[in-house]
Amino acid sequence: MTAVAGAMAVTAAVVSAGEVAHAGGSQLKRDLDAVREHGVVGAWAEVTEGKDTRFARSGVADLGTGRSIPRNAYYRIGSTTKTFVAVVVLQLAAEGKVALDDTVEEWLPGVVSGNGNDGSKITVRQLLRHNSGLHEYILDMPLYKAALAEGYQGYLRERFRKHRPGELVAMAMRHRPHWTPSGPGEQRWSYSNTNYILAGMIVQKATGRTWEQEVRDRITGPLGLRHTAVPADPRRFPKPHATAYM
């Protein structure tokens with residue numbers, strides 16, 4: 001998940017060396033090689049059909065060392081984090097702690113306001129479905145602006161800057177919404193990470209705990225997803241992993 005509430009989840013896939021070797025000459029491997037020829041440093045793929053699972057990898061995990069893509073590499077799942085947060089919100093709705101037709105204003109008074117933004121006209125359901133019309137905060141982040149203006153050096157300078165959820169929402173509030181939802185029948189759609197920052201804030205308001213804690217106790221813990229977590233410090237990413245390039 002861009003990540004919800006200013007953090008990122010990670011996960012890991014584990015396979016055996018024998019399985020990977022078996023897939024070495026497959027069409028899947030040739031397809032990955034074709035992807036790499038377009039500039040990707042390294043790639044790992046898995047295809048499951050019934051009981052048949054095939055694996056392949058191509059390229060390297062690090063240009064400096066030339067090491068292979070790890071079989072059990074951790075990787076950032078980015079916006080897939082939204083799926084976890086949505087499940088938490090739906091569970092809270094089933095428990096009667098949050099109603100999907102509650103407005104953002106009811107839970108977060110004054111947070112969505114100014115420049116035509118009105119939290120009293122946006123429901124929790126519309127946040128989850130990206131029907132809110134709210135501006136994408138990422139476009140105003142210092143990291144995004146620095147990378148556009150200065151390239152690599154700007155990216156390096158800003159990449160570990162931390163923001164509180166309220167600060168991210170405030171960036172979106174500098175702009176008018178794309179539209180103002182008119183009610184349950186509002187079907188216009190625009191993907192915006194701002195929606196799920198707000199969803200994470202509502203989870204915390206409803207439970208007194210962060211969305212990360214709720215995801216761990218409600219989803220990843222019970223399901224035994226031991227390799228899915230939110231790093232406390234993005235500079236300390238779990239190993240093994242491939243090097244990320246931009």
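The values are calculated or read from the model by the stated rules, or taken from the named source; none is laboratory data. Owing to the predicted nature of the structure, the values given are computational and were not obtained by experimental measurement. Counting neighbours? That spans all protein chains shown, and the Cβs are built from the backbone with ideal geometry, glycine included. The area values use the complete protein model at the heavy-atom level, side chains included, leaving out ligands, DNA and RNA. Shrake-Rupley method; radii C 1.70, N 1.55, O 1.52, S 1.80 Å.
Here are a few things to note about the model shown:
- Rg/Rh for the chain (Cα atoms only, Rh after Kirkwood) is 1.02.
- Taking 7 Å steps out from each Cα toward its Cβ at E49 and L225 produces label points 2.7 nm apart.
- At 1.002 mPa s and 20 °C, Stokes diffusion of region 38-162 via Kirkwood alpha-carbon radius, µm² per second: 113
- When each of K29/K51; K205/K239; K82/K145; K97/K121; K82/K121; K145/K205 is checked by Cα-Cα distance, pairs over 29 Å: K205/K239; K145/K205
- Using the average count of surrounding beta-carbon atoms within 10 Å as a protection proxy, the listed peptides 94-107, 206-219, 126-139 rank, highest first, as 126-139, 206-219, 94-107.
- Subtracting the Cα-Cα distance of V41 and Y245 from 0.36 nm times their residue separation leaves 72.6 nm of extension gain.
- Net lengthening on full extension, E95/D233 (0.36 nm per residue, minus Cα-Cα): 46.5 nm
- Dividing the summed helix terms, -39500 (n - 2.57) for each DSSP H run of n ≥ 4, by the number of residues in the chain produces a 222 nm estimate of -9000 deg cm²/dmol to the nearest 500.
- Equivalent ellipsoid, region 105-246 (semi-axes from 5 times Cα gyration tensor eigenvalues, Å): 28, 23, 13
- Computed about its Cα centre, the charge dipole of the chain is approximately 580 debye, with only Lys, Arg, Asp and Glu carrying charge at their Cβ.
- Surface share of carbon and sulfur [accessible, 1.4 angstrom probe, percent] for the chain: 53
- Counting 0.36 nm for each residue step from S190 to K205 and taking away their Cα separation leaves a gain of 2.9 nm.
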